[in-house]
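The values are calculated or read from the model by the stated rules, or taken from the named source; none is laboratory data. On a predicted model such as this, the values are computed, not experimentally measured, just so you know. Every residue, glycine as well, gets a Cβ built from its backbone with ideal geometry; the counts of neighbours run over all protein chains shown. Accessible surface is based on the protein model in full, side chains and every heavy atom, while ligands, DNA and RNA are left aside. Shrake-Rupley method; radii C 1.70, N 1.55, O 1.52, S 1.80 Å.
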Amino acid sequence: MYRNQLTVSKHVFGGAAASVSQRATRAIVDLDAIAGNVAIFRNLIAPATKLLAVVKANGYGHGAVMIAGTALAAGADQLAVATVDEGAELRAAQIHAPILVLGPASHSEIARALRLGLQLSVATLASINAISDEADCAGALRPAELHLKIDTGMRRYGCMPENALALARRIAEDRRLKFTGLFTHFASADEENEQRTLEQVDVFEATVDTIRTSGIDVGIRHVANSAATLRSRRYDYDLVRVGISLYGIAPSSETTLASGLRPAMSIRSELGRVFELAPGDRVSYGGTYVARNRERAALVPIGYADGYRRGFSGKAWMAIDGVQCPILGRVCMDQTIIGLPAEVQAHEGNEVIIAGTGTAPSLDELANVVGTIPYEIAASIARRVPRYFVERGDLVAVEDLDGLHQLR
Ligand SMILES: *Cc1c(COP(=O)(O)O)cnc(C)c1O
């Protein structure tokens, strides 16, 4: 099936072949999986609850623009990113849906954010004042849309609950500002024990009550990430912010994915040099792998500068025709050597699956190899790995170092 997709890709390329990346190492992103995952979340959450697709960090490494377009078409109501620059990338691609910047924007970014019509998260009086001043200068037709972020226990970004009312009032009384939402973020929603998440919700509810009691409309309330959304309907409120699991990945080993959610990305390449090792030959920097027998090995053009972590050295594996092939020695910046088991009939140019499907490691398994989480593995896949976007078996776009190329 995947072999076919690659063949289809090459075929469909036709005359476009010369103008987009043909690098053998590529990430194949299955847009049907993304659309299917969006539909599953849409059906999971309460009908009145909105679905926000989190596409920060280049869509968790999947390609923010294509993921955003696909998610919106499949029923997501709005988007979120981490930085103003990420929002600008989406606006430049003609994405007009509401976009919330989750992280703090620095004062120097505010003018750009307002010009792009991005919704901002705020948590201090200084930032609200700065946005108000900027909205005034810009002579904006529309008020700046703000979401007040409450720190209910994570101790990262947000205002302390006891300061929320004063900030809410500051926003509500300023005609240049619109109180669009009130939100918080969970520290432990992906853990089996729900206690701390429930405590955070209690703090959030109390804060909402305090503000509402003062006659201020808090706009949309939102608290849930993927883990909380998967766990129960208790966290739906007016909107859920789903990131990692839209990409078909579980937030942690303690959470269960809703059935039908499936990973969207695989990483593939083609073998370069295929060669023999003699007993005693040492492989790669430092010669940490020593051949015991006559063995076959092959070069794969991916390395840590692609996000293929050096920590995989000697530990992870790739797959050729369903057979697992171990990494021999150290992963280099741009290249990695794998061992070819006797049953593999591999030649230069043969496809090798690096991650994400079949007997190749999942992003979860790769994360386990280096003691991290799949978020980090996905988000670290470098821009220099071209993304090939596939829809119903057809290659529809390629994103490479010089941008996004739509092929239809
Ligand atoms: C990243 C992020 C999310 C999405 O979290 P997932 O675990 O990927 O679903 C939601 N809210 C905020 C504030 C975030 O930073």
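Annotations
- For the chain, size of Cβ-based charge dipole, Lys and Arg +1, Asp and Glu -1, in debye: 440 debye
- Stretchable slack from E173 to D217, in nm (0.36 nm times residue separation minus alpha-carbon distance): 14.7 nm
- Only Lys, Arg, Asp and Glu carry charge here, each on its Cβ (+1 for the first two, -1 for the last two); on that basis the stretch 52-196 has a dipole of about 360 debye about its Cα centre.
- Inter-probe distance in nm under a simple model that places probes 7 Å from Cα toward Cβ, at S253 and R142: 4.5 nm
- Tensor-based shape of the stretch 92-143 (alpha-carbon gyration tensor, a/c under 1.5 rounded, otherwise prolate or oblate): oblate
- Computed Kirkwood radius, in angstrom, where 1/r is averaged over Cα pairs of the stretch 210-320: 18.9 Å
- Between R292 and R383, the FRET efficiency from the beta-carbon distance, with R0 = 41 Å, is close to 0.55.
- Net length gained if the chain between A166 and R196 were fully extended (0.36 nm per residue, minus Cα distance): 8.2 nm
- Each Lys and Arg contributes +1 and each Asp and Glu -1, all at the Cβ; summed about the Cα centre of the stretch 199-308, the dipole is approximately 560 debye.
- Gained length - E365 relative to R310, 0.36 nm times residue gap less alpha-carbon distance: 18.3 nm
- Euclidean distance between Cα centres, the stretch 353-408 to the stretch 131-195, Å: 33 Å
- Inverse mean reciprocal Cα-Cα distance (Kirkwood Rh) of the stretch 220-284, Å: 15.3 Å
- Residue among G181, G215, G36 with the largest mean-square fluctuation in a Gaussian network model of the chain, springs linking Cα atoms under 10 Å: G215
- Spherically averaged projected area in nm², based on the convex hull that wraps the Cα atoms of the stretch 273-358: 5.2 nm²
- With the charge dipole of the chain set up from +1 on Lys and Arg Cβ and -1 on Asp and Glu Cβ about the Cα centre, the Cα lying farthest toward the positive end among the listed residues I354, P386, L72 is that of P386.
- Using a probe of 1.4 Å on the protein chains alone, the accessible area found for E348 is around 140 Å².
- Evaluating 6.51 cos²θ - 1.76 cosθ + 1.60 at θ = phi - 60° for every residue in the stretch 39-53, the Karplus couplings come out as 4, 5, 5, 4, 6, 6, 7, 4, x, 7, 7, 7, 10, 9, 8 Hz, glycine and proline recorded as x.
- Stokes-Einstein D for the stretch 128-192, Kirkwood Rh over Cα pairs, 25 °C, 0.890 mPa s (µm²/s): 189 µm²/s
- The stretch 344-408 shape via C-alpha gyration tensor axes, a/c threshold 1.5: oblate
- Environment charge of G329, counting only residues whose C-beta is closer than 13 Å and scoring Lys/Arg +1, Asp/Glu -1: +2
- The stretch 72-210: C-alpha gyration tensor shape, a/c 1.5 cut-off, then a/b vs b/c: oblate
- Which of V274, T197, Y375, positive extreme of dipole for the chain (C-beta unit charges): V274
- Convex hull volume per residue for the chain, taking Cα atoms only, in Å³: 150 Å³
- Rounded to whole Hz, the Karplus (6.51, -1.76, 1.60) HN-Hα couplings of the stretch 213-226, x for glycine and proline: 4, 7, x, 9, 7, 8, x, 7, 9, 8, 9, 8, 9, 4
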